[in-house]
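The values are calculated or read from the model by the stated rules, or taken from the named source; none is laboratory data. This one's a predicted model, so the numbers in the text were calculated from it and none came from an experiment. Here the Cβ positions follow ideal geometry from the backbone for every residue, glycine too, while neighbour counts run over all protein chains shown.
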Ligand code: ADP
């Protein structure tokens, strides 16, 4: 039996029609859960409480028409019933949303088809419900997928922004689609100002020396469909602002069917590599120059001694002393260079020893006492009552203090004074070396830590390699510290080295031994 428990509401005030419907249910053995409403008001109050699978509504009732309930019943199929001759009304009802209509004839032959109409109405409504829920599901899926796409887009744009190379995307007509931040800097433009414009109007790639225009890899990709990399090392990009040395590579962006939809180009800024190359070249040429000077003198002295057979013993002795001096200078230079190379390569163990700075200061002062005395310079060592040990590399810190005290002695006229000591300051210590020497001109101070840099002074040049302060600075840096200078020409100079005390917690958790205060 069909119609398993379907809820049917009959809105009908004609007693005979009501009876006929009941009889139909009984005779046909229809399993309807059937409710009767005799007026529109009654129907409305029932519909407020209950839902039905189908409603059969007579058109005209005492207190209104079936149209009065049609509007509020969008999801429940309504079968509209009118008397014969009222077909127009039936059409109007269908337009208003009724599912079907019945023309009630006096013989009530319409009852024969009513079960079928009800069945179709209920099935239709169920199907619609299914379609609706499918749509709702689909909406959920679309929303979820849209959110996913948004998140992917966000990730992509963050990725693009953080890539250190310039990324440029153009369409198949070379019109700009995307510039990431680095590309904006290289071309000197903002994406919002150039979007949609042709790439050749925004920047050019040229050979650095000849200034000839290089074929843009984007053109090569569009012509060949292959990945292109420019191999010439001397290409620069000329955009709106500065020129940058770059290397460029481009690749096609293919549509699903294989045709080229656009091109992505990568611009690698070579400025930093060039700067490193320049520093390396300068260094090699400085080293060669510094080594050549003493070697040339040695060679000249030795050649003169060899050539001049009649040279007096006295002169020969003086020349040999000069050779000895120059070879000492060569040794100092080579040792200094090795020390810097070792510091810069990070190959030394920095934070392994507990260093008592006071002790190191005293040792350095006493080892340089003789040199100071010979120039009638007094070294004063300030002592501090308690001392905190510092975690570091003792021999490097000794080298730092020794370079500073050595310079102080060298650049202080006879009768002067050199003072060296240490203080505590904000979680670290300060080693200071001050002198009453010749001072350093203000404009030279930023350069004195450069390798081989020596201040040019009138009169006799003071012997040196120009590497001492470079070593001082490097030792401070690898201990997490820094160096400061205060100087007054003719008055004296003070170097201060700030070194942080090692973070105790970090040190203890690393399982290493910690330095104790004594
Ligand atoms: P150098 O081997 O020439 O001493 P440094 O790197 O130690 O090389 O020092 C660089 C330059 O800084 C020196 O040539 C000198 O002119 C200047 N300088 C360093 N220390 C002092 C100082 N205490 N007083 C004056 N000038 C100094």
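Points to keep in mind about this one:
- Tallying residues that are surrounded by fewer than 18 Cβ atoms within 10 Å (Cβ to Cβ) and touching a helix residue (DSSP H, G or I) at 6+ places or on another chain (Cβ under 8 Å) within region 432-448 yields 0.
Here's the yes/no breakdown for (1) surrounded by 12 or more Cβ atoms within 10 Å (Cβ to Cβ); (2) modelled with pLDDT under 80; (3) not assigned by TED's automatic domain parsing to the domain that holds residue 334:
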{"residue": "224", "(1), (2), (3)": "no, no, yes"}
{"residue": "231", "(1), (2), (3)": "no, yes, yes"}
{"residue": "234", "(1), (2), (3)": "yes, yes, yes"}
{"residue": "244", "(1), (2), (3)": "yes, no, yes"}
{"residue": "252", "(1), (2), (3)": "yes, no, yes"}
{"residue": "259", "(1), (2), (3)": "no, no, yes"}
{"residue": "262", "(1), (2), (3)": "yes, no, yes"}
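- Considering region 62-79, the residues that are closer than 25 Å to residue 4 by Cβ and outside any loop (DSSP other than H, G, I, E, B) include one that is nearest to the chain's Cα centre (by Cα), namely 78.
- Residue in region 266-278 that is in contact with a helix residue (DSSP H, G or I) (Cβ under 7 Å, 6 or more places away or on another chain) and within 26 Å of residue 205 (Cα to Cα) present: yes
- Within region 180-201, the set of residues being in a loop (DSSP other than H, G, I, E, B), surrounded by 19 or more Cβ atoms within 10 Å (Cβ to Cβ) and more than 18 Å from the chain's Cα centre (by Cα) comprises just one member, 189.
Each row is one residue, and each column tells you yes or no for (1) away from the ligand (no atom under 12 Å from the Cβ); (2) crowded, with 17+ Cβ neighbours inside 10 Å; (3) free of Cβ contacts under 8 Å to residues at least 12 places away in the same chain; (4) in the same structural domain as residue 402 (by TED's automatic domain parsing).
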| residue | (1), (2), (3), (4) |
| --- | --- |
| 457 | no, no, no, yes |
| 462 | no, no, no, yes |
| 466 | no, yes, no, yes |
| 474 | no, yes, no, yes |
| 477 | yes, no, yes, yes |
| 485 | no, no, no, yes |
| 489 | no, no, no, yes |
| 493 | no, yes, no, yes |
| 499 | yes, yes, no, yes |
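- Restricting region 430-455 to residues that are farther than 21 Å from residue 476 by Cβ and more than 8 Å from the ligand (Cβ to nearest atom), the residue that is farthest from the chain's Cα centre (by Cα): 436
Okay, residues lined up against (1) in contact with a strand residue (DSSP E or B) (Cβ under 8 Å, 6 or more places away or on another chain); (2) within 28 Å of residue 421 (Cα to Cα); (3) surrounded by 15 or more Cβ atoms within 10 Å (Cβ to Cβ); (4) not assigned by TED's automatic domain parsing to the domain that holds residue 501:
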{"site": "293", "(1), (2), (3), (4)": "no, no, no, yes"}
{"site": "300", "(1), (2), (3), (4)": "no, no, no, yes"}
{"site": "305", "(1), (2), (3), (4)": "no, no, yes, yes"}
{"site": "313", "(1), (2), (3), (4)": "no, no, no, yes"}
{"site": "337", "(1), (2), (3), (4)": "no, yes, yes, yes"}
{"site": "372", "(1), (2), (3), (4)": "yes, yes, yes, no"}
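Yes/no matrix, rows are residues, columns are (1) over 33 Å from the mean Cα position of the chain (by Cα); (2) farther than 22 Å from residue 343 by Cα; (3) modelled with pLDDT under 90:
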position	(1), (2), (3)
463	yes, yes, yes
474	no, no, no
482	no, no, no
502	no, no, yes
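- Residues that are at pLDDT 90 or above, assigned to a helix (DSSP H, G or I) and out of contact with any helix residue (DSSP H, G or I) (no Cβ under 8 Å at 6 or more places or on another chain) within region 289-311 comprise 292, 296, 299, 300, 303, 306, 307, listed in sequence order.
- Checking the stated criteria, residue 218 turns out not to satisfy the condition of being assigned to a strand (DSSP E or B) and closer than 24 Å to residue 271 by Cα.
- Unique match (being modelled with pLDDT of 95 or more and touching a helix residue (DSSP H, G or I) at 6+ places or on another chain (Cβ under 8 Å)) among 455, 420: 420
- Among (1) in a helix (DSSP H, G or I); (2) under 19 Å from residue 122 (Cβ atoms); (3) touching a helix residue (DSSP H, G or I) at 6+ places or on another chain (Cβ under 7 Å), the one test that residue 98 misses: (1)
One line per residue, one yes/no per condition, for (1) loosely packed, with under 10 Cβ neighbours inside 10 Å; (2) within 24 Å of residue 16 (Cα to Cα):
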| position | (1), (2) |
| --- | --- |
| 57 | no, yes |
| 81 | no, yes |
| 95 | yes, no |
| 111 | no, yes |
| 115 | no, yes |
| 134 | no, no |
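- Matching entry among 314, 380, 358, 370 (being more than 16 Å from the ligand (Cβ to nearest atom), under 53 Å from the mean Cα position of the chain (by Cα) and outside any loop (DSSP other than H, G, I, E, B)): 358
- Residue match in region 383-393 (condition: within 13 Å of the ligand (Cβ to nearest atom) and either under 30 Å from residue 282 (Cβ atoms) or touching a residue at least 24 places away in the same chain (Cβ under 8 Å) (or both)): no
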